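Written out below as structure tokens is the structure these notes cover.
The values are calculated or read from the model by the stated rules, or taken from the named source; none is laboratory data. Computed from a predicted structure; not experimentally measured. Please note: Cβ atoms are built from the backbone with ideal geometry, for glycine as well, and neighbour counts cover all protein chains shown.
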Amino acid sequence: MPVLALSALAGVLLDRLLGEPRRWHPLVGFGRLADAAERALRRGAPGDPVSNRLRGLVAWALVVLPFVALAAWFTHPVLDALLLWLALGGRSLAEHARAIAAPLAAGDLAAARTAVGMIVSRDTTGLDEEGVATAAVESVLENGNDAVFGALFWFFLLGGAGAVLFRLANTLDAMWGYKDARRIYFGWAAARLDDALNFVPARLTALTYALLGSTQNALACWRTQASAWASPNAGPVMAAGAGALKVGVGGTAIYHGHVEERPRLGAGTPPTAADIGRAVVLVARGQWLWLAAFVVWSVAHA
């Protein structure tokens, strides 16, 4: 088996067996570095549109590109496997999802609200059972791309350096990509670069969901609904995923005190606790499908 395929297999197995490091996760240190870069370079909130956009781009390059270059320079099969492990979050996503589904199925709405609040940015204090399940399914489907498929895609293309590039860019989008007064200009580059890196993986993720679920339903939802969603990449992923599961997501949500009426995605009844588990299985099956396809392709082209 080709070396990169072996590294990919090892990285996925490490994630499935160990999950994310409980202590000393490199992304914690990276987050502190990103905060320091923002404090040093951002001017005002929001500040000058052109200046802070350029400063955000410089900050992105300073905190991302050196690590990508190091990963490319010191490439080694073992290091590549470790970098993919650190870039993946499949087991962590599944654990968070189960922590929501279990109390929700048992009727403990308060515990389910607390658990879902750990993985979504919306206000969860007033969610009913349907709202908790909807938020959880949306998060699993969208983060299936961010925590699994996107990292795999860039690893398949560029090895460990690709996984590092995707994970750090995605982390900066989560930190800087908000459209609030502080980051609307400074975080512009981080958001746009993450969109660019996610463009192909998101559509492959949507196709994967469609292949492994209700295919015709998923493709129809993707085709007719995705463009209405605010995010150009989350729209296809969530529309196809909800269609594949035959559930309906979207609708009203509260973010930072503001009520947002989001488009409806998918088709069918609102999700239940059982559908959270089905979404987790959909992501896991897709991960193994991608890995198997990459191994076969690698062997065929060796």
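A compact table of results
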read-out	value
Segments classed as helices (runs of 4 or more DSSP H), wholly inside region 1-100, with at least 1 members that are polar (S, T, N, Q)	3-18, 49-73
Criterion violated by Thr208 - all others in (1) crowded, with 21+ Cβ neighbours inside 10 Å; (2) over 26 Å from Leu172 (Cβ atoms) satisfied	(2)
Only one of Val281, Val247 that is in contact with a Ser or Thr (Cβ under 7 Å, 6 or more places away or on another chain), within 27 Å of Ala102 (Cβ to Cβ) and β-branched (Val, Ile, Thr)	Val247
Residue within region 269-285 that is in a strand (DSSP E or B) and surrounded by fewer than 24 Cβ atoms within 10 Å (Cβ to Cβ) present	no
Exclusive hit being modelled with pLDDT of 95 or more and among the basic types (Lys, Arg), set Arg42, Arg55	Arg55
Selection count, region 105-142, where residues are crowded, with 24+ Cβ neighbours inside 10 Å and not small (Gly, Ala, Ser)	7
Residue check, Leu14 under 26 Å from Trp290 (Cβ atoms), under 21 Å from the mean Cα position of the chain (by Cα), modelled with pLDDT under 95 and of a type in the set (A, V, I, L, M)	no
Residue within region 94-102 that is among the basic types (Lys, Arg) and surrounded by fewer than 19 Cβ atoms within 10 Å (Cβ to Cβ) present	yes
Count - residues of region 78-94 that are of a type in the set (D, E, K, R) and over 15 Å from His25 (Cβ atoms)	1
Residue within region 120-134 that is at pLDDT 95 or above and touching a strand residue (DSSP E or B) at 6+ places or on another chain (Cβ under 7 Å) present	yes
Given (1) under 30 Å from Leu282 (Cβ atoms); (2) under 22 Å from the mean Cα position of the chain (by Cα); (3) surrounded by fewer than 17 Cβ atoms within 10 Å (Cβ to Cβ); (4) modelled with pLDDT of 95 or more, number of the condition Leu65 does not satisfy	(1)
Hey, Phe149 among the aromatic types (Phe, Trp, Tyr) and touching a Ser or Thr at 6+ places or on another chain (Cβ under 7 Å) or not	yes
Residue in region 17-35 that is among the basic types (Lys, Arg) and farther than 30 Å from Gly277 by Cβ present	yes
Exclusive hit being touching a Lys or Arg at 6+ places or on another chain (Cβ under 8 Å), closer than 30 Å to Ala181 by Cα and of a type in the set (A, V, I, L, M), set Leu27, Leu18	Leu27
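Here's the yes/no breakdown for (1) without any contact (Cβ under 8 Å) to a residue 40 or more places away in the chain; (2) crowded, with 17+ Cβ neighbours inside 10 Å; (3) over 14 Å from Gly160 (Cβ atoms):
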| site | (1), (2), (3) |
| --- | --- |
| Ala8 | no, yes, no |
| Arg16 | no, no, yes |
| His25 | no, no, yes |
| Phe30 | no, yes, yes |
